[in-house]
Amino acid sequence: MIGRKKKEAEVKTELEENAVDESINLEEVIELDENGDEVTAAPEVDPLQEAQAEISNLNDKMLRMQAEMVNLRKRTQREVADAHKFGVEKFATSLLDVVDNLERALDAEEGNEEAVREGVQLTLNSWHEMMKCFEVVRIDAVGESFDPHFHEALTQMPSEEPEGTVIAQHVAGYTLHGRLIRAAKVLVSSGPA
């Protein structure tokens, strides 16, 4: 700090001796850094030009971001459309095996009903296995208590079963990932006659 003041004093003295115009303020002419060396002043920048350059830069960034968002939106729309079109591809491929088994059953020789029956049973088994892979679960309601969330009562009949018990099922129900997609159509006991 003392060295800096000493250097400033020397420079001031030298400038005073060489100064022609005495109206010059020596404090404005010389700037010294921490080490006491003379600092050259940065050229003055017009604030308006600086602001316009910054606005231009920000405008460019904004346009690029908007273009990126438009591209992202278009790409997402394409991906959603493809998901709708081809989302069931795996499911459809699995159904082809079931169809192949049904066609084989139809090709069985006449008079060989046992082979046809066995083929249809194997096809049905492969159908149920394939459905389990896709979380489609069958609802078998016979012997269960009637549940309006999973069963649709076609009628009530007197039977030996307690009232409200499912005694027959006309059509099986199914759930997909736990959500009902078709209710089981059932006959419900109204109790003993």
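Read the figures in this text as sums done on the coordinates, not as results from a lab. Keep in mind it's a predicted model, so treat the numbers as computed, not measured. Heads up, the Cβs are rebuilt from the backbone with ideal geometry, glycines too, and the neighbour counts pull from every protein chain shown.
The table below lists the values:
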quantity: Met130 versus Val142: modelled label distance in nm, points set 7 Å from Cα along the beta carbon direction; calculated: 2.5
quantity: Local net charge near Gly191, Cβ-Cβ under 12 Å (Lys/Arg +1, Asp/Glu -1); calculated: -3
quantity: ³J(HN,Hα), Karplus 6.51/-1.76/1.60, whole Hz, each residue of segment 172-188, x for Gly, Pro; calculated: 6, x, 9, 10, 10, 6, x, 9, 5, 10, 7, 6, 6, 8, 9, 9, 10
quantity: Relative contact order for segment 88-134, counting Cα pairs under 8 Å that sit 6 or more residues apart, in percent; calculated: 44
quantity: For Leu72, net neighbour charge (Lys/Arg +1, Asp/Glu -1) across residues whose Cβ lies under 14 Å away; calculated: +3
quantity: Segment 137-193 - Kirkwood radius from inverse mean 1/r over Cα pairs (Å); calculated: 11.1
quantity: Segment Lys85-His149, length gained on full extension (0.36 nm per residue, minus Cα span); calculated: 19.9 nm
quantity: Zone residues, segment 54-77, relative to Val45, backbone N less than 14 Å from point 7 Å out along Cα-to-Cβ; calculated: 54-58
